[in-house]
Amino acid sequence: MHAESEIRIPLIIGDKSYRQITDDIIAPIEGKAARGWYTLTTIFSLCFLWGICCLCYTIGTGIGSWGSSNNVDWAWDITNFVWWIGIGHAGTLISAVLLLFRQKWRMAINRSAEAMTIFAVMCAAIFVLLHTGRPWLDYMLFPLPNQFGSLWPNFNSPLLWDVFAVSTYFTVSLVFWYIGLIPDFGMIRDRVIKPWQKKMYSVLSFGWGGSARHWSRFEEVSLVLAGLSTPLVFSVHSIVSFDFATSIVPGWHTTIFPPYFVAGAVFSGFAMVLTLMLVVRKIYKLEHYLTVKHIEYMNIVIIVTGSIVGVAYLTELFVAWYSGVEWEQYAFLNRATGPLAWSYWIMMGCNVVSPQLFWFKKIRTSIIATFILSIVVNIGMWFERFVIIVTTLCRTYLPSTWSTYTPSFIDVGIFVGTIGMFGTFFLLFSRYFPVIAQAELKTILKASGESQKKAAALANAHH
Amino acid sequence: MSMSKKYWKGLPELHNSPEFQAQQKNEFAESLPMDEFLGGNDAETSGTSRRDFLKVMGFSTAAVALAACEAPVMRSIPYVVKPEEVTPGVANFYATTFYDGHDYASILVKTREGRPIKIEGNDLGGITHSGTNARVQASVLGLYDGARLRGPYVKGAESTWKTADDMAGAALNGGTIRILSSTIISPSTKAVIAEFTAKHPNTKHVTYDAISYNALTKANKNTFGKSVVSSYDFGKAKIVVGIACDFLGNWISGEEFSKQYAKNRKVSKENPEMSQHFHFESNMSLTGANADYRYMVKPSELGKVTTALFNEIAGATSNSKVSGETKIENATAVAAIKKVAAKLVDNKGKSLVVSGVNDEGIQTLINGINKMLDNYGKTVDVEKHLNFKQSDDKEFAELVADMASGKVNVLMTYNCNPVYTAPASLKFAEAYKKVATRISFSQVMDETSAEATIVCPDHHYLESWGDANPKVGMFTLQQATINPIFAQPRHEGSRQFQDTLLKWSGIKSDYLTYLQGYWNNHVFPSQGKFLDFPTFWAHALHDGAVKVSVYKDIPVTPMAKDSLGKPVMAGVASAMNETSDSMKVVAEEPKGKMMAGVAAEPLPTPDFNKAASMATSIKGSSLELFVYEKVGLGNGLYSNNPWLMELPDPISKVTWDNYVTMSPIDVKAMGLHEMLRQDIDGSIVDLTVNGITIKVPVYPQPGQAPGTIGLALGYGRNAESLKVANGVGVNAFPFQGMINDTIQPIATSVSIAKTAEKHMFAATQIQHTIMGREEFLLREVSLKEFKEKDKEYWNPAVEMAVHGGGKKAVSEVDLWAAHPRPGHKWGMSIDMNLCFGCGACVVACTSENNVAVVGKLEVSRVRDMHWLRIDRYYSSDMNKRKGAEEDLGTKEMYIEMENPSANPQVTFQPMMCQHCNHAPCETVCPVLATSHSTEGLNMMTYNRCIGTRYCANNCPFKVRRFNWFNYNENTNFADVNPAQQELGRMVLNPDVVVRSRGVMEKCSMCQQKLQAGKLEAKKAGMPIKDGAIKTACQAACSTDAIIFGDLNDTESEVTKHRNDERTYFLLEDVGIKPTTSYKVKVRNQDEQIIFHEAVTKHEGKKEEAHTEEKHS
């Protein structure tokens, strides 16, 4: 007799063989797209187009077409920027941090999470680049050589740190994502028949040969990039939070912002990954790879980060009260009871209360509930940024400057447009790129052992 | 024979050799290297490659293409003969006079390259000294108003002066002529009218001011036998009582009175005395807002208040009382009258009671009160009277009746717009149509001109010559500062009213010559300083004003003429080659007139009982209307001026609108919208006055007496060419009524009905109260506390806890070593005691710094561009101590705090960039577009700004202004932004860049003026004299509330202010170290002021903490 530990539910179910995995992952690329894909792509690309129109109008006439004012100088623009950047956090966290921690369950989700990151950062970049009054001069943010010799940007400004942080994050994420894609592109190149596809994927695969040397280099680069991007996960949102924390605006000027922003970012990022995963899983029938277990793991991360965010909200309130600083006290009182209090309570409800439902196993393993709550969380996180930016700016030091805020339809249009762009890009990605890192995934398929065991069990049952 | 002659080009031709004959066949003498250049069939042997061909082709194509893209040619044409005084880039200042029948100011006009671009006060001249108001500041824009007429109109169509003159000439012959004008204070113009009357004896001149002060002249006639407006000296009054009298705003001569009044409001530890001001009124006026004590009474009660006050004073000074109804609803006001009367009697000869109600009875009683108080000759003077506001309402009403009955053949309207301003009950518009020939001298196609048969556009005052006699013994000159903009050959042109009249009187002289002759004859002889007229004239023009002692009243008879019909000048006879005979004639003439003018008449005995019954004759009603003038727009003459339209009302802070002001209590009772915000519209009501119903929005106005409503004049223009003004608001002029033969702003048969409609307000301030932040923003003290207690009590240093325990004043704590400021260190001090909130500085800043006008919609979106604003705070019944006493929760307390008191105390706080030494905007700009100068100023580099707006978010004062649109080109702003019109652009200050879309801007402390001042000093080789450089806001301020200067200069005014005990800095606890300081407002009250309750509450806490420590 030999003792064997309890059989864990495997991360890939459905008794897959290596070939089956390949078949399943390449199916969307080789086969015809589902009707759902076409419907969604049409909707999203129309939104995208609408957003482009609104952006063109903005560039043409000025950001006066937005709802911002001389008291509330940032509104939907920066709210959306921070929101998208926050969403962009999950991808790198999943692929880098979980890689370093050797969490194998990440393999089914990291590819699309990384894609999501790339697209979310692109959406964020739209806001941060076009929220300026004269976007054609944005290049002045970079320390470029110029005819004035020593005309540098202001290295004291957190907005400049932002420029570096976000652009670095985007570059590293993109490279990391692409490196991971190379073996899969190689696989697709070997499979596809149409000449143009063959050509495209062979260019994309960088001549991947699958030799041991290639694999060794692949692994090394992946590790190095994971090491590089791990600190970025924390730095980017910390630096985004500095935009607020280093200012003197009551309600912004708080030291709690960096950790609280990072937790919030992971929180919203995971929620967005879940939203997307559940759709992809359904459309491409990947239930065997994205199992309920994956969903549960991610929901657990949501409970943890959601609770951190909740504690942060309460800490803010406590500190405002405890500090005895009139400005801080009023800023938080205004958030909770002022003219825009509804946004505060939406934020509280969505971010603090709703994730706590995941303590119930039934809810955190329910696909429908997860889908709904993941959207609720992202609504909540949008309102968090809205509360921090708009509600706060509506009432600052001088009561004479207090005002309210109403967005314009251009504001809404651009936001909808970025959602459209995000969706369109993601759908295109899911159709033409391998949505699951199949090469990596195959490393955790216990094909022979499992099937032997199962065959033996089956034989025993017969006897 | 000539044909036989033959010339050869050379010997070869003579010889005509075969070689020569062969060569003649060739086009070129030598064979060209064609083969070499073009190449043969064999490209390889050819010297010209295809590459060369392409090079040549490419070059020529590029050259042609480049030549085609020609840069736009900007032509600047140099002077053929440069005027001596014009140097490009250097401003010239000319003294002149602003008078439009309503406001008067002696001013300096700043011109650049011949264009007037800015108005400043004239220290040397007139009665206003350096004071200006918003309208005077904005008047320069009127010069470049696109609505100005380019030539005369006859029967509604553009015409020529010849046609107009011919037509007028025909009509004037033999007809009954009436000239209707607002008060004319120009003696020479009066003389011109006299010339006209002499030529056309059927002429009568009727004076009609849109806003009448007829009761003042009537009362003075009753009391002193003189139909004049007294002059006042608020500077000598220790106790000032105002009864619905906006003397710091528009009443008679607001700038003059503000300046005087401010003298008694300057208070320091060395001189801890100030005047005390009581105010009774219905609407919250600017003056009421600045009073120490303000009482709300209904319009119908104003006469009762006056009567009661009369009787109290009569009782205390053993004079006979009058009988009259004195019952007033407001018990506080009743009690106050007793207290006020006692104070007045205590300050006999040092007090002043004024009323702005245009009622003969009330004004006669006021005269009686001032007489009993012995104020005549001290604070009020009828001898050295003012010459303003001469309108005769009864005469006007009679004129309208005559017009209606067809007795008037020709009506000439000058400086007035009666179709728009006449009370509805007079039915002026209908009567006007019955006049056969209607001549208007308006500069624009206003309501009256639109109905006129002939429109003879007058010059703008900056294009005109003229004079003014605002007060007895004071003459000011008006000089043209620019050639008429609309003139031949491009336009038919405008023509000065006086020139037109002279022409129609058959006098062959232009008005300037006439004016000089007039001054030579009448003003020059009455001064003793200058011996010859040309020198006198030159000095008078330079100074803008002349003070004379000999003349009391100046004659307004036609001048003597020479044989050619030209008026004769006496003193300049030699210069003008006139005969000495005519000199004598004219020199002697005025003396006799002068003597006649002061012939002593017995003083009449005023019937105060009759006055009292008149004053109390208005029957009160449940809802009463008091129409008022806005501080910015005045009588509406300038409502087409976008600077004034965008100037927020000092009290309500609403722009581009007029509305019914209503007590919040009444608003609540009627179920109308109580709170207005950007996202909450106001209600519209149907307002019915004397049977006329209009739709008008309601603005809940704290301090409005319950049961009364106010409505501003000057809006509701109905003239399409006035693009800015047309259709903005409603016209309240028709609601004025004839009561006791004067046009009064009061209506008692008023009702309002709720409608479901809504109205969007564009207010620059939504939150009315200071929300318990007095300690950091708005320090106030009562005079009693100020005198009795130390600075630590009423202006304590803001402290913070420091490392190692204990507390330190914030001013002593710093994270960084201060930057050295070796040269200048500019700074500003603002005295909140002296800022009355009039807004002249706001318009001055707009004018000086090319601040964009953005229109109502953008203001409603909180995007007004004013670099300088005036924050207005109302007091609230709730404060922190009261909240603690009543055990209210924090939330409830703050909600209560947002509501102003029913009759709040008002504080004005000018707010512009504070030029923080630790400027929060500077650190956050990613591109260093905003930075600190070595002279301590926070600067903007527009070219570097990319518009992240981070600086504005981080500005605690929210004084940064972002260019959301390209206001100078975006067609949405074409009507409101003068910079978009070719003509309007001329007003722009060439020293200040016009900002483009997407950049941040803000107060620069008039950097361009600093630079110019420094250059001046450098050229002179002297240090900059304190006060030589004034910011635009400082220069515009009548009361010296704003002081600017060099803090490194220990003797400078601003340094002295900085060291004053009243000085404090805003938001000191934030650590931004502002450069601008404010001075604690002192109210002449005996009560403790809320701010101290907040501070004492802190102290109370400290004590509690101490006792607890002891216990433990």
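Please treat every number below as a calculation from the coordinates, not as lab data. Just so it is clear, the model here is predicted, and its values are computed rather than measured. Cβ: placed from backbone, ideal geometry, glycine included. Neighbour counts: every protein chain shown.
A few points about this structure:
- On the basis of the beta-carbon distance and an R0 of 60 Å, B:Leu531 and B:Lys434 show a calculated FRET efficiency of 0.60.
- Counting only residues at least eight positions apart within a chain, or on another chain, the aspartates and glutamates with an alpha carbon under 15 Å from that of B:Lys1025 are B:Glu1016, B:Asp1046, B:Asp1049, B:Glu1051, B:Glu1053.
- Calculated FRET value between A:Phe164 and B:Ala1020, using beta carbons and R₀ = 60 Å, to 0.05: 0.75
- Per-residue Cβ neighbour counts within 10 Å put A:Arg191, A:Arg111 in the sequence A:Arg191, A:Arg111, beginning with the fewest.
- Evaluated with a Cβ-only charge set (Lys, Arg +1; Asp, Glu -1), chain A carries a dipole of roughly 1700 debye about its Cα centre, given to the nearest 20.
- Remark: chain B carries a charge dipole of roughly 1060 debye about the Cα centre, counting +1 on each Lys and Arg Cβ and -1 on each Asp and Glu Cβ.
- Averaged over the residues of peptide A:58-68, the number of Cβ atoms from other protein chains lying within 10 Å of each residue's Cβ is 5.
- Taking other C-beta atoms within 10 angstrom as a stand-in for reagent exposure, B:Asp607, B:Asp657 fall in the order B:Asp607, B:Asp657, fewest first.
- The alpha-carbon of B:Lys529 sits under 19 angstrom from the alpha-carbons of these aspartates and glutamates, leaving out residues fewer than 8 places away in its chain: B:Asp543.
- Take each peptide in B:408-415, A:199-206, count the other Cβ atoms within 10 Å of every residue, and average; sorted highest first, the result is B:408-415, A:199-206.
- Per residue of peptide A:388-400, the mean number of Cβ atoms on other chains within 10 Å of the residue Cβ is 6.
- Overall form of chain B per C-alpha gyration tensor (a/c, 1.5; a/b vs b/c): oblate
- Taken over region B:763-904, the alpha-carbon convex hull comes to 233 cubic angstrom per residue.
- Helix B:161-172 axis versus longest C-alpha principal axis of chain B: approximately 40°, rounded to the nearest ten.
- Each residue in B:Lys547, B:Lys958 was given a count of other beta-carbon atoms within 10 angstrom of its own, and listing them fewest first yields B:Lys547, B:Lys958.
- Region B:631-677: C-alpha gyration tensor shape, a/c 1.5 cut-off, then a/b vs b/c: prolate
- Computed from Cα atoms, the angle from the helix B:580-597 axis to the main principal axis of chain B rounds to 30 degrees.
- Working from label points 7 Å from Cα in the Cα-to-Cβ sense, the B:Lys384 to A:Tyr38 distance is 9.6 nm.
- Region B:1041-1088 - Rg and Dmax from Cα coordinates, angstrom: 12.8, 39
- Note on B:923-933: average number of Cβ atoms from other chains within 10 Å of each residue's Cβ is 6.
- Against the compact-protein benchmark of 2.2 N^0.38 Å, the Cα-based radius of gyration of region B:820-861 scales to 1.73.
- Zone of B:Tyr793's modelled label, taken as backbone nitrogen in region B:823-839 under 17 Å from a point 7 Å along Cα→Cβ: none
- Proximal lysines relative to B:Lys407, as straight alpha-carbon distance under 23 Å, when same-chain residues fewer than 8 apart are discounted: B:Lys155, B:Lys199, B:Lys204, B:Lys394, B:Lys427, B:Lys433, B:Lys434
- Among the trypsin sites (Lys or Arg not before Pro) in region A:243-312, those placed in a DSSP loop whose Cβ has at most 15 other Cβ atoms within 10 Å are A:Lys285.
- Relative to the dominant Cα principal axis of chain B, helix B:134-143 is inclined by about 30°.
- Oblate is the label for the protein assembly as shown, because the ratio a/c of its alpha-carbon gyration tensor axes (a ≥ b ≥ c) is 1.5 or higher and a/b is not greater than b/c.
- Packing-based order for A:223-231, B:1064-1072, A:240-248, using average beta carbon neighbours within 10 Å, highest first: A:240-248, B:1064-1072, A:223-231
- Once the C-beta distance of A:Thr255 and B:Met57 is scaled by a Förster radius of 60 Å, the resulting FRET efficiency is 0.30 to the nearest 0.05.
- For region B:210-218, backbone phi angles converted through the Karplus equation (6.51, -1.76, 1.60; θ = phi - 60°) give residue-by-residue couplings of 4, 10, 8, 10, 4, 4, 5, 5, 5 Hz, Gly and Pro being listed as x.
- Highest mean first, the peptides A:180-188, A:406-414 sorted by other C-beta atoms within 10 Å per residue fall in the order A:180-188, A:406-414.
- Dipole check for region B:680-817: with +1 at the C-beta of Lys and Arg, -1 at the C-beta of Asp and Glu, and the Cα centre as origin, the magnitude is about 260 Debye.
- Applying the criteria of a DSSP loop state and at most 12 other Cβ atoms within 10 Å to the chymotrypsin sites (Phe, Trp or Tyr not before Pro) of region B:804-866 yields B:Trp816.
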